[in-house]
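Asks: Quick one: the structure is below, and I'll ask about it shortly.
The values are calculated or read from the model by the stated rules, or taken from the named source; none is laboratory data. None of the values given here were measured: they were computed from a predicted structure. Using ideal geometry, Cβ is built from the backbone for each residue, glycine included, and neighbour counts are taken over all protein chains shown.
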Amino acid sequence: MGRQIGALLWKDLIVELRRREQVLSLAVFSLLVLLIFNFAFDLRRTDLAAAGPGILWVTFVFTAVLSLNRAFSVEQDRGTWEGLLLAPIDRGAIYLAKLAANLAFTLVVEVIAIAAFTTFFDLPSNVLQLIAAVLAGTLGFATVGTLFAAMAANTRAREVLLPILLLPVSVPVIIGSVKATAVAFEGVDASTGQYPWLGLVLAFDAIFLAVSFAVFEYVVED
């Protein structure tokens with residue numbers, strides 16, 4: 001299965017490198033969201049810990065939803081999705097490859113968004129805690145989002161259906177990620193307060209990954 005995952009992931013990365021549409025459009029969108037927040041809030045350094053995590057995760061969630069909506073669009077638009085399903089490839093490999101591609105695209109855009117956030121506002125007190133919170137939250141959101149993106153791909157209203165399905169289910173991951181990010185903004189003295197929230201997010205990551213991997217085969221069946 002490892003070779004199949006590598007081949008499928010390489011295909012998605014090569015397609016994106018040739019088009020450069022997804023990452024560029026998502027980066028512009030995230031910068032626009034942060035620019036709006038920059039004009040909407042005149043944050044002092046003391047207010048950053050309260051508003052910063054929310055600003056970041058609103059940007060991350062909206063960007064991730066747009067990215068997930070396009071996860072299966074290439075195959076759907078070119079009519080190659082049926083061929084991919086008919087190929088002698090494990091359905092779990094398709095899911096894991098799509099998940100890895102979604103994670104890669106989303107994390108690239110999140111790095112750009114964090115750099116822009118630092119320019120507009122300020123950098124959190126503990127960068128390592130921020131990285132841990134972003135990685136854990138993004139993994140959980142992308143894990144369940146990839147499954148729902150596959151479910152919504154064959155519908156006409158996939159742009160509307162995906163957030164309706166995804167956001168209620170991913171609420172625990174979003175809440176835990178925001179809380180863990182807030183601890184990173186508060187400083188080193190509050191570092192011990194991040195572990196329960198990170199543990200919650202990682203627990204949901206594991207549950208979402210196991211369930212999504214198990215049911216993906218049935219989701220993509222006609």
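Asks: May I ask you to verify whether residue 26 is in contact with a Gly (Cβ under 7 Å, 6 or more places away or on another chain), at pLDDT 75 or above, assigned to a helix (DSSP H, G or I) and not acidic (Asp, Glu)?
Replies: no
Asks: Does residue 181 count as assigned to a helix (DSSP H, G or I), closer than 20 Å to residue 107 by Cα and at pLDDT 90 or above?
Replies: Considered against the rule, which asks whether it is assigned to a helix (DSSP H, G or I), closer than 20 Å to residue 107 by Cα and at pLDDT 90 or above, residue 181 comes out as no.
Asks: Then there is this: So is residue 135 out of contact with any His (no Cβ under 7 Å at 6 or more places or on another chain) and buried (at least 22 other Cβ atoms within 10 Å of the Cβ) or not?
Replies: So residue 135 fails the test.
Asks: Yes or no: residue 97 within 16 Å of residue 13 (Cα to Cα) and either of a type outside the set (Val, Ile, Thr) or under 11 Å from the mean Cα position of the chain (by Cα) (or both)?
Replies: So residue 97 passes the test.
Asks: Here's a follow-up. When you look at residue 135, is it at pLDDT 90 or above and part of a helix (DSSP H, G or I), yes or no?
Replies: yes
Asks: Then there's this: Any residue that is basic (Lys, Arg) and in a loop (DSSP other than H, G, I, E, B) - is there at least one of those in segment 154-173?
Replies: Yes, because at least one residue in segment 154-173 is basic (Lys, Arg) and in a loop (DSSP other than H, G, I, E, B).
Asks: So, one more: Is it the case that residue 39 is at pLDDT 80 or above, over 20 Å from residue 138 (Cα atoms), surrounded by fewer than 20 Cβ atoms within 10 Å (Cβ to Cβ) and of a type in the set (Phe, Trp, Tyr)?
Replies: Against the criterion (at pLDDT 80 or above, over 20 Å from residue 138 (Cα atoms), surrounded by fewer than 20 Cβ atoms within 10 Å (Cβ to Cβ) and of a type in the set (Phe, Trp, Tyr)), residue 39 qualifies.
Conditions tested, residue by residue: (1) out of contact with any helix residue (DSSP H, G or I) (no Cβ under 8 Å at 6 or more places or on another chain); (2) surrounded by 23 or more Cβ atoms within 10 Å (Cβ to Cβ).
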residue: 90; (1), (2): no, no
residue: 100; (1), (2): no, no
residue: 121; (1), (2): no, no
residue: 126; (1), (2): no, no
residue: 143; (1), (2): no, yes
residue: 156; (1), (2): yes, no
residue: 173; (1), (2): no, yes
residue: 179; (1), (2): no, no
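Asks: Looking only at segment 81-99, decide whether some residue is outside any helix (DSSP H, G or I), aliphatic (A, V, I, L, M), touching a residue at least 60 places away in the same chain (Cβ under 8 Å) and under 22 Å from residue 1 (Cβ atoms).
Replies: There is at least one residue in segment 81-99 that is outside any helix (DSSP H, G or I), aliphatic (A, V, I, L, M), touching a residue at least 60 places away in the same chain (Cβ under 8 Å) and under 22 Å from residue 1 (Cβ atoms).
Asks: Moving to a separate point now. Scan segment 185-220 residue by residue and report those that are under 18 Å from residue 166 (Cα atoms), modelled with pLDDT under 85 and either surrounded by 19 or more Cβ atoms within 10 Å (Cβ to Cβ) or of a type in the set (D, E, K, R) (or both).
Replies: Scanning segment 185-220 gives a single hit, 220.
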